[in-house]
Amino acid sequence: MSATISVSDLRKAYGDVAAVDGVSFEVTRGEFFGILGPNGAGKTTTLEIIEGLRKPDSGDVTVLGLPAWPRNDQLLPRIGVQLQASSFFERLTAREQIRTFASLYGVPAKNADDMLTTVGLTEQGGLRTEKLSGGQAQRLSIACALVHDPELLFLDEPTGALDPQARRNLWDLLRQISKSGRTVVLTTHHMDEAELLCDRVAIMDRGKILKAGPPAALVREIDQPVRISVQSGLVSAEQAGRLTGTGAGEVTDDGVSLSIATSDPATVLSGLARADALAGLRVQGATLEDVFLSLTGREYRA
Amino acid sequence: MRGGGFSSLSRAMFLGFVRDRAALIFSILLPVLFLLFFGSIYKNTSAPKLNLVAVGRVELLAQARQADPGLSRILTISHGRSVAAALADVRKGTDDGAVLQHGNTLVLRFSIADPTKAGLVNSVLGSIVQDANQAASGQPARFTLAASQVEDKSLKAIQYFTPGLLGWALASGAAFGAAITLVSWRENKLLRRLRLAPVGIGSIVGARIGIAVAIGLIQMAVFLAIATLPYFGLQLTSAWWMAIPLVVCGILAFMSIGLLVGAIAKTQQAATAITNLIILPMAFLGGAFIPLDFAPNWVKEASYVMPLRYLVTGMQDVMARGEGPASALPAIGILLGFTLLVGAIAVRMFRWDDI
């Protein structure tokens, strides 16, 4: 079976700046795929080329077996796009908004109302979109992208400016959408979001994809020590050093927590357990931020 | 699906307009207030009235009014208690002249604060005295004067500035509407979103034109409904319906200006400022605020390059001057030509989004 999205050696420059510099990847059907990277990495440009909004300088993009450029009327009803900003008609209510989008795709108003329920906005249906909270507007915008039941959904920085609670609510919604069998492509500069949601991520920086794969596999690959910390004062740094055994990790104590970095967490944990020093235990594995650090040599800054 | 796109976009745009208080105020309420204001000020400009205050019995005046009932249309006569009070009224300007009769002498006291009125009151009373002399001689009059104005009698001020103010209202409504919609839709990325939906650019533009024309016809209906009230007294001449195609073409022309501004401007503030810079001078120089018949020569000459001129004078011709339907055709042709030219430039400058 052919890939849902196939991108090969994509290039796009603005003046002297190569926004996208030889990007290739594939997304398979039903996958939740993330393009991850700091602002200005070229994620949005890549996404816009795949959506058919921009013409690449060179390279091939096929979406659902069809070329993405030029704008293809056959393709449009099969993809759903949620844009960065909340792109709504002025002064319409949430319900009027989604019904308008529905009718652009020939979808009856009933389906639009159902979609409003799916994203949990039935109560806000009569509210003008200008009055919606950031999270509600983002949900509505996703609902508008889904109203014609597309096979493939693009989300560009969906949780951008949301508070933590709204972000978590939105993640639940996105997982639900992915479970329904749709292929979802998401760009984000939040490492945690990509790690939580995506089946596979492509880490992008300065127009290039540095690495792609399942988040867990990427993290495992860099073989970074695990960070174990407990409350200070339970064991001395010296005792703790002995416990690390073969791990040969470093031990630090800032007076609040005692932290041990180790590549052999099992030994350390059982040692701490024997010493009855597990109060306030936290175990932190490597994250995608560490992957980014090891790939680029610089700290990840969104 | 095409049809669905067109009608749902039209609906969305129309709701967006009627819920926009600022747009309603600027495109309908403000022009209507101007109309009410000018309409009340210039209501009686065609026949200035004279207020006279008579002290004691003024036999001559009473006779004259009896002989010529038409006189009371230009003369209002009140009775003063004393000469001093009457003179005070004339000084204040509440009355244009104080009149008393001593035997066979009609005494008139007037103020030259308003020279026009002063001249008028002198000549009106002069002719009353002359008529009285002539009647006293017992001879029939030998010479008579037949005077009438060259304009159609109905061509009152309201006939001039209803088309003028309506033209201004239509021009600013169409230009601002198109410019602001285009810029704000680009700013909030709605244009892109629409580009990714299976609707043609024809549906989007068509819906926008449809809404602009609908708004323009509403403006026109409101204007004509108010101006034809007996209080203002606009009388539409026979070919007034030709103003409808004229208004449609005018809206197209000003929409093309708006689309060009919308293509150039990056922000809504810039779009508003640029549109104002175009529309306001045009309103003054194109005959909307100042009737071109009364304007200085350089304004008349400048007006030929203003599309608003053709909309306003075209409407005046068919609505007020009583010219035939065909008289609007040159204006319609010029407005359509202007639309094509500016529209073509706007299409070339058009951007879906800011890069």
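The values are calculated or read from the model by the stated rules, or taken from the named source; none is laboratory data. Just so we're clear, the structure is a prediction, and the values are computed from it rather than from any experiment. Reconstructed Cβ throughout: ideal geometry from the backbone, glycine too, with neighbour counts over all protein chains shown.
Take B:ALA346 and tell me if it is in contact (Cβ under 8 Å) with a residue 40 or more places away in the chain, in contact with a helix residue (DSSP H, G or I) (Cβ under 6 Å, 6 or more places away or on another chain) and part of a helix (DSSP H, G or I). Against the criterion (in contact (Cβ under 8 Å) with a residue 40 or more places away in the chain, in contact with a helix residue (DSSP H, G or I) (Cβ under 6 Å, 6 or more places away or on another chain) and part of a helix (DSSP H, G or I)), B:ALA346 qualifies. Listed here are the helices (runs of 4 or more DSSP H) enclosed by the stretch B:6-93 that have at least 1 residues being more than 35 Å from the chain's Cα centre (by Cα) and of a type in the set (S, T, N, Q): B:59-67.
Among the residues that make up the stretch A:112-125, is at least one of them within 14 Å of chain B (Cβ to nearest Cβ) and crowded, with 16+ Cβ neighbours inside 10 Å?
Yes; the residues of the stretch A:112-125 include at least one that is within 14 Å of chain B (Cβ to nearest Cβ) and crowded, with 16+ Cβ neighbours inside 10 Å.
Take the conditions (1) in contact with a helix residue (DSSP H, G or I) (Cβ under 9 Å, 6 or more places away or on another chain); (2) of a type outside the set (A, V, I, L, M); (3) facing chain A (nearest Cβ under 9 Å); B:ARG186 misses just one of them, which is (3). On the stretch given as the stretch A:23-68, residues that are surrounded by 16 or more Cβ atoms within 10 Å (Cβ to Cβ), more than 10 Å from chain B (Cβ to nearest Cβ) and under 22 Å from B:VAL199 (Cα atoms) total 7. Would you confirm whether or not the stretch B:302-319 contains a residue that is over 22 Å from B:LEU15 (Cα atoms) and either of a type in the set (Phe, Trp, Tyr) or not assigned by TED's automatic domain parsing to the domain that holds B:PHE338 (or both)? Within the stretch B:302-319 (the criterion being over 22 Å from B:LEU15 (Cα atoms) and either of a type in the set (Phe, Trp, Tyr) or not assigned by TED's automatic domain parsing to the domain that holds B:PHE338 (or both)), the answer is yes, since at least one residue qualifies.
Before we move on, is B:LYS266 surrounded by fewer than 16 Cβ atoms within 10 Å (Cβ to Cβ) and touching a helix residue (DSSP H, G or I) at 6+ places or on another chain (Cβ under 6 Å)? For B:LYS266, the condition - surrounded by fewer than 16 Cβ atoms within 10 Å (Cβ to Cβ) and touching a helix residue (DSSP H, G or I) at 6+ places or on another chain (Cβ under 6 Å) - is not met. Applying the set (1) at pLDDT below 90; (2) touching a helix residue (DSSP H, G or I) at 6+ places or on another chain (Cβ under 7 Å); (3) surrounded by fewer than 22 Cβ atoms within 10 Å (Cβ to Cβ) to A:GLY15 leaves exactly one unmet item: (2).
Among helices (runs of 4 or more DSSP H) entirely within the stretch A:172-247, having at least 1 residues that are of a type outside the set (Gly, Ala, Ser) and within 26 Å of A:ALA161 (Cβ to Cβ) singles out A:191-197, A:215-221. Residues in the stretch B:333-355 that are within 14 Å of chain A (Cβ to nearest Cβ) and loosely packed, with under 13 Cβ neighbours inside 10 Å: B:ASP354, B:ILE355.
Among the helices (runs of 4 or more DSSP H) confined to the stretch B:186-297, the ones with at least 3 residues that are of a type in the set (A, V, I, L, M, F, W, C), closer than 23 Å to B:ILE334 by Cβ and free of Cβ contacts under 8 Å to residues at least 60 places away in the same chain are located at B:201-227, B:268-285. Test A:ALA266 against the stated conditions and say whether it is touching a strand residue (DSSP E or B) at 6+ places or on another chain (Cβ under 9 Å), not in a strand (DSSP E or B) and not assigned by TED's automatic domain parsing to the domain that holds A:GLY37. Taking the combined requirement at face value, the residue does not satisfy it. The set of residues in the stretch B:95-147 that are touching a residue at least 24 places away in the same chain (Cβ under 8 Å) and within 12 Å of B:VAL58 (Cβ to Cβ) comprises B:GLY97, B:ALA98, B:VAL99, B:LEU100, B:GLN101, B:LEU106, B:LEU125, B:ILE128, B:VAL129, B:ALA132. You will find that of B:VAL90, B:VAL55, B:VAL124, the residue that is surrounded by 13 or more Cβ atoms within 10 Å (Cβ to Cβ) and out of contact with any helix residue (DSSP H, G or I) (no Cβ under 9 Å at 6 or more places or on another chain) is B:VAL90 and no other. Taking every residue in the stretch A:273-292 that is surrounded by 13 or more Cβ atoms within 10 Å (Cβ to Cβ) and pairing it with any residue that is at pLDDT below 85 and of a type in the set (Phe, Trp, Tyr), at least 6 positions away or on another chain, the pairs with Cβ-Cβ distances below 7 Å are A:GLU289/A:TYR300; A:PHE292/A:TYR300.
The listed residues are B:VAL107, B:VAL90, B:VAL124, B:VAL55, and the only one of them that is at pLDDT 85 or above, within 30 Å of B:PRO291 (Cβ to Cβ) and not hydroxyl-bearing (Ser, Thr, Tyr) turns out to be B:VAL124. Of all residues in the stretch A:77-108, those satisfying the criterion of being hydrophobic (A, V, I, L, M, F, W, C) and more than 10 Å from chain B (Cβ to nearest Cβ) are A:ALA94, A:ILE98.
The single residue among A:ARG54, A:ARG99 that is out of contact with any Gly (no Cβ under 9 Å at 6 or more places or on another chain), in a loop (DSSP other than H, G, I, E, B), of a type in the set (D, E, K, R) and assigned by TED's automatic domain parsing to the domain that holds A:ALA19 turns out to be A:ARG54. Look at the stretch A:195-207: where a residue is over 28 Å from A:ASP57 (Cβ atoms) and a partner is of a type in the set (Ser, Thr, Tyr), sitting 6+ places away or on another chain with Cβ atoms under 7 Å, you get A:GLU195/A:THR287.
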